[in-house]
Number of protein chains: 2
Amino acid sequence: MSNASIGIFDSGFGGLTVMRAIKKILPKENIVYFGDTARLPYGDKSAETIQKFSFENVKFLKNHGVKLIVVACSTACSAALELLTESFDIPIIGMIDPAVDYLHGKIKEDAILVLGTRRTILSGVYQRKIDQEFPKNETIPIACPLFVPLVEEGFFDHPIAELTAREYLAEQLKIKIDVALLACTHYPLLSPILQKIFEKDTLLIDPGESCAKHVAQLLKKKDLLNRSGREPNYQFFVSDDPEKFKKIGQIFLNSSMPDVELISLSEYTHTCQK
Amino acid sequence: MSNASIGIFDSGFGGLTVMRAIKKILPKENIVYFGDTARLPYGDKSAETIQKFSFENVKFLKNHGVKLIVVACSTACSAALELLTESFDIPIIGMIDPAVDYLHGKIKEDAILVLGTRRTILSGVYQRKIDQEFPKNETIPIACPLFVPLVEEGFFDHPIAELTAREYLAEQLKIKIDVALLACTHYPLLSPILQKIFEKDTLLIDPGESCAKHVAQLLKKKDLLNRSGREPNYQFFVSDDPEKFKKIGQIFLNSSMPDVELISLSEYTHTCQK
């Protein structure tokens, strides 16, 4: 079982920033990545629809015999993680708890900003957890729906991205901010722009890194670290346009990628109980 | 049969600008609208995936006993219209032919601009038809992937939309343009911005209007116009988040909307033959 792969899913490309972090601290692990590119983006869709999609994605990864699943998408975590962990008999790791734990020691007395998709912000999960852990700090959630299409269009370090960030953050740029939590796996690619418009001592937090650390701790605790000594194997599956995924995905992953396989989710169709 | 509804589908909201045009010239017709909001947007996805989605959407509308179907989405027309008209025994009207026909009398000697999603532009269907009809004019296709999320974010008349348009059209703003064809049903909402940045005598063409005229001609020719004399009935169905659809949709439709019904497409699942 310890030689089995880590499974990762996201609506599309963003989760590759999490995979990058996992590869860095767990360079011997095999990884199966699934990007649900036929149905992306998840950020503006309803919780019920995201739950349905997430169930199908987990079923697909389980079918590949993975030993652990990472929901590398804050939107899917906010809408579906609790349901997923209740419904499947496999460790399923999300982005939210590790990111909030990671804030300890980094918070002073000023505000904590949470930047995410509309669904993530509406769910309130980050805000509730941060308020529990840091009741003396003000938590400010901001939905930034255009950040994902801007990143996917390749406008990371571009005046349009800067103008959009200044629009979304107009009020918050007037006050002191301790940390800005980038609560969507696409957003770390906007770090240069965000670091430019925030004050220098505002810390940008990429939840991919804390998630990767949590995965490493859990695999060690469960004695599931891969000890085969072989070169790791990386497999990529998508529900649409494998060529485009490979082309754009390499930017997110910051390394080359083998061929990507197109799959149909129809055999994993799931209807959530109301 | 003449009292049956006109069926319209789109990936989401954009097709409502076409429905608005149809309501205007056919005020007595009943209309069933389906927005595939769970899987929007279509614009950046593969032709195969859009074909699969379009088949499912047509099956859903046919199940409602419609007399004619309008594919109110240039992306779906470019990827799937030919296949749909070959596969179903019901009149299916697209956006492309009526829009190109409508250009006659409006073209002088300068360039014709086609603005669309990445999939529409990649397909080349608008360009090929325009080149056939207007071989002496230069046709310039421009993919504008951020226009759809900008419109859905409500940034119609906003500096970010203007900066984005100036970025996509940088080269074309230096030359003479006869007409700019807004080959995506979201784009008419950006007309104020586009008219501002183009020269005054550049004509913006909204294919929704020509599509509506074509629908009216076809219904008349087939003697299918609704002569019941009753108030028309409008029904709206979506695959995700009916409340959000109603809220945003009323802006696109430019009138109030009855309650929107959520449906599951799982019973219409379609696998395209390779």
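The values are calculated or read from the model by the stated rules, or taken from the named source; none is laboratory data. Here the structure is a predicted model, which means the values were calculated and not measured. Cβ sites come from the backbone with ideal geometry, for glycine too, and all protein chains shown count toward neighbours. Quick note on the areas: whole protein, heavy atoms, side chains included, nothing else; ligands and nucleic acids left out. Shrake-Rupley method; radii C 1.70, N 1.55, O 1.52, S 1.80 Å.
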(message) Taking A:Leu203 in one copy and the same position in all the others, each labelled 7 Å out along Cα→Cβ, what are the pairwise distances from the first, in nm, shortest first?
(response) 6.1
(message) Suppose every Lys and Arg Cβ carries +1 and every Asp and Glu Cβ carries -1, with no other charges. What dipole size does the range A:200-271 come out with about its Cα centre, to the nearest 20 debye?
(response) 460
(request) Place the label 7 angstrom along Cα→C-beta at A:Leu218 and in each other copy, then list the distances from the first to the rest in nm, shortest first. (result) 5.2
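Order of A:122-134, A:139-151 by packing, highest average Cβ count within 10 Å first?
Working: A:122-134: 17.6, A:139-151: 22.1.
So the order, starting with the most tightly packed, is A:139-151, A:122-134.
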(request) Quickly estimate the mean residue ellipticity at 222 nm for the protein assembly as shown, helices only: each DSSP H run with n ≥ 4 gives -39500 (n - 2.57), and the total goes over all residues, rounded to 500. (result) -12500 deg cm²/dmol
(message) Using amide H atoms built in the peptide plane, which far-off residues or other-chain residues are under 5 Å from B:Val114 H to H?
(response) B:Ile140, B:Ile142, B:Leu181
(message) Taking the Cα centroid of the range A:1-33 and of the range B:145-188, what is the distance between the two, rounded to the nearest whole Å?
(response) 38
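Averaged per residue, what accessible surface does the range A:101-220 expose to a 1.4 Å probe, in Å²? Don't jump to the answer; show the numbers that get you there.
Numbers: 5140 Å² over 120 residues.
For the range A:101-220, the solvent-accessible area averages 43 Å² per residue.
Using only protein heavy atoms and a 1.4 Å probe, how much accessible area in total is buried between A and B, to the nearest 100 Å²? Walk me through the intermediate numbers first.
Values: alone 12600 and 12600 Å², together 22860 Å².
That pair hides around 2300 Å² of surface in total.
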(request) Could you let me know the centre-to-centre spacing of the range A:213-253 and the range B:53-118, using Cα atoms, in angstrom? (result) 41
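Given Cβ point charges of +1 (Lys, Arg) and -1 (Asp, Glu) and nothing else, what value in debye, to the nearest 20, does the dipole of the protein assembly as shown about its Cα centre take? It would help to have the intermediate numbers written out before the result.
Working: 64 positive and 70 negative charges, 94 e Å.
Around 460 debye, computed over the protein assembly as shown.
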(message) Suppose we consider the axis relating copy B to copy A; can you name the residue of B with the nearest Cβ and state that distance in angstrom as an integer?
(response) B:Pro149, 2
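Taking a ≥ b ≥ c as the square roots of the eigenvalues of the Cα gyration tensor of the range A:143-246, is the shape rounded (a/c under 1.5), prolate (a/b larger than b/c) or oblate?
On the way: a/c = 3.21, a/b = 1.56, b/c = 2.06.
Since a/c reaches 1.5 but b/c is at least a/b, the shape of the range A:143-246 is classed as oblate.
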(request) Return the inverse of the average 1/r over all pairs of distinct C-alpha atoms in the protein assembly as shown, which is the Kirkwood hydrodynamic radius, in Å to one decimal. (result) 24.6
(request) Go through the range A:225-264 and name the trypsin sites (Lys or Arg not before Pro) that are in a DSSP coil and have 13 or fewer other Cβ atoms within 10 Å of their Cβ. (result) A:Arg227, A:Arg230
(message) If amide hydrogens are placed 1.01 Å from N in the peptide plane, which non-local residues have theirs closer than 5 Å to the one on A:Ile93?
(response) A:Ile69, A:Val70, A:Val71
(request) Find the relative contact order for the range B:147-270 and round it to a whole percent, using C-alpha pairs within less than 8 Å whose residues are 6+ positions apart. (result) 19
(request) Give the relative contact order (percent, whole number) for chain A; include only Cα pairs under 8 Å separated by 6+ residues. (result) 28
(message) If I ignore ligands, DNA and RNA and count only protein heavy atoms, how much of A:Leu103 is accessible to a 1.4 Å probe, in Å² to the nearest 10?
(response) 0
(request) With a ≥ b ≥ c taken as the square roots of the eigenvalues of the C-alpha gyration tensor of the range B:83-188, please select rounded if a/c is under 1.5 and otherwise prolate if a/b is larger than b/c or oblate if it is not? (result) oblate
(request) Convert each backbone phi in the range B:70-76 into a coupling constant with the Karplus relation 6.51 cos²θ - 1.76 cosθ + 1.60 (shift: θ = phi - 60°), then list the ³J(HN,Hα) values in order as whole Hz, x for Gly and Pro. (result) 9, 8, 8, 8, 4, 4, 5
(request) Putting +1 on Lys and Arg Cβ atoms and -1 on Asp and Glu Cβ atoms, find which of B:Val179, B:Ile193, B:Thr164 reaches farthest to the positive end of the dipole of the range B:150-205. (result) B:Val179
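Go through B:Lys108/B:Lys174; B:Lys24/B:Lys45; B:Lys52/B:Lys129; B:Lys129/B:Lys222; A:Lys28/A:Lys221 and tell me which ones have a Cα-Cα distance over 23 Å in this structure. Display every interim value, and only then the final one.
Working: B:Lys108/B:Lys174 18 Å; B:Lys24/B:Lys45 32 Å; B:Lys52/B:Lys129 25 Å; B:Lys129/B:Lys222 26 Å; A:Lys28/A:Lys221 17 Å.
Flagged as over cut-off: B:Lys24/B:Lys45; B:Lys52/B:Lys129; B:Lys129/B:Lys222.
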(message) Explain nothing, just compute: Karplus ³J(HN,Hα) = 6.51 cos²θ - 1.76 cosθ + 1.60, θ = phi - 60°, for every residue of the range A:166-176 in order, whole Hz, x for Gly and Pro.
(response) 5, 5, 5, 9, 3, 6, 6, 6, 8, 10, 7
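Using only the heavy atoms of the protein chains and a 1.4 Å probe, how would A:Glu56, B:Glu138 rank by accessible area, largest first? All intermediate terms of the calculation are to be shown ahead of the outcome.
On the way: A:Glu56 5, B:Glu138 110 Å².
Listed by decreasing accessible area, they come as B:Glu138, A:Glu56.
Let me spell out the model: positive unit charges on the Cβ of Lys and Arg, negative unit charges on the Cβ of Asp and Glu, origin at the Cα centre of the range B:35-123. What dipole size does that give, in debye rounded to 20?
On the way: 10 positive and 11 negative charges, 59 e Å.
Rounded to the nearest 20 debye, it is 280 debye.
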(request) Using a 10 Å cut-off on Cβ to Cβ distances, tally the other chain neighbours for every residue of B:40-49 and report the average as a whole number. (result) 5
(request) Within 10 Å of each Cβ in peptide A:258-266, how many partner chain Cβ atoms are there on average? Round it to a whole number, please. (result) 1
(request) Note the angle between two axes, namely the Cα long axis of helix A:47-63 and the longest principal axis of the Cα atoms of chain A, as a number of degrees from 0 to 90, rounded to the nearest 10. (result) 40
(request) Tell me the label-point distance for the pair A:Lys200, B:Glu133, using the 7 Å Cα-to-Cβ offset, in nm and rounded to one decimal. (result) 6.0
(request) Putting +1 on Lys and Arg Cβ atoms and -1 on Asp and Glu Cβ atoms, find which of A:Leu204, A:Gly249, A:Val238 reaches farthest to the positive end of the dipole of the range A:187-274. (result) A:Leu204
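Could you put A:His104, A:His186 in order of accessible surface area, largest first, with the 1.4 Å probe and the full protein assembly present?
Details: A:His104 90, A:His186 10 Å².
So, going from the largest accessible area down, we get A:His104, A:His186.
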(request) Please average, across the residues of B:101-114, the number of beta carbons from any other chain that are within 10 Å of each residue's own beta carbon, and give a whole number. (result) 0
(request) Could you tell me whether the range B:1-116 comes out rounded, prolate or oblate from its Cα gyration tensor? Rule is a ≥ b ≥ c as square roots of the eigenvalues, rounded for a/c under 1.5, then prolate if a/b exceeds b/c, otherwise oblate. (result) oblate
(request) Please list the non-local residues whose amide H lies under 5 Å from the amide H of A:Leu203, H modeled 1.01 Å from N, same-chain partners needing a gap of 5 or more. (result) A:Val179, A:Ala180
(message) Can you work out the Karplus-derived ³J(HN,Hα) for every residue in the range B:90-102? Use 6.51 cos²θ - 1.76 cosθ + 1.60 with θ = phi - 60°, whole Hz, and x for glycine or proline.
(response) 8, x, 10, 10, x, 9, 7, 4, x, 5, 5, 4, 5
(request) Would you kindly work out, in nm and rounded to one decimal, the distances from the label point of A:Ser266 to those of the same position in each other copy, ordered shortest first, with label points 7 Å along Cα-to-Cβ? (result) 1.5
(request) May I ask you to give the percent of accessible area on the protein assembly as shown that is carbon plus sulfur, with a probe radius of 1.4 Å? (result) 49
(message) For a distance above 27 Å, tell me the whole-number percent of Cα pairs in chain B that qualify.
(response) 35
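Largest first, how would A:Leu40, A:Leu181, B:Leu163 line up by accessible area (1.4 Å probe)?
Details: A:Leu40 25, A:Leu181 0, B:Leu163 60 Å².
Order by accessible area, largest first: B:Leu163, A:Leu40, A:Leu181.
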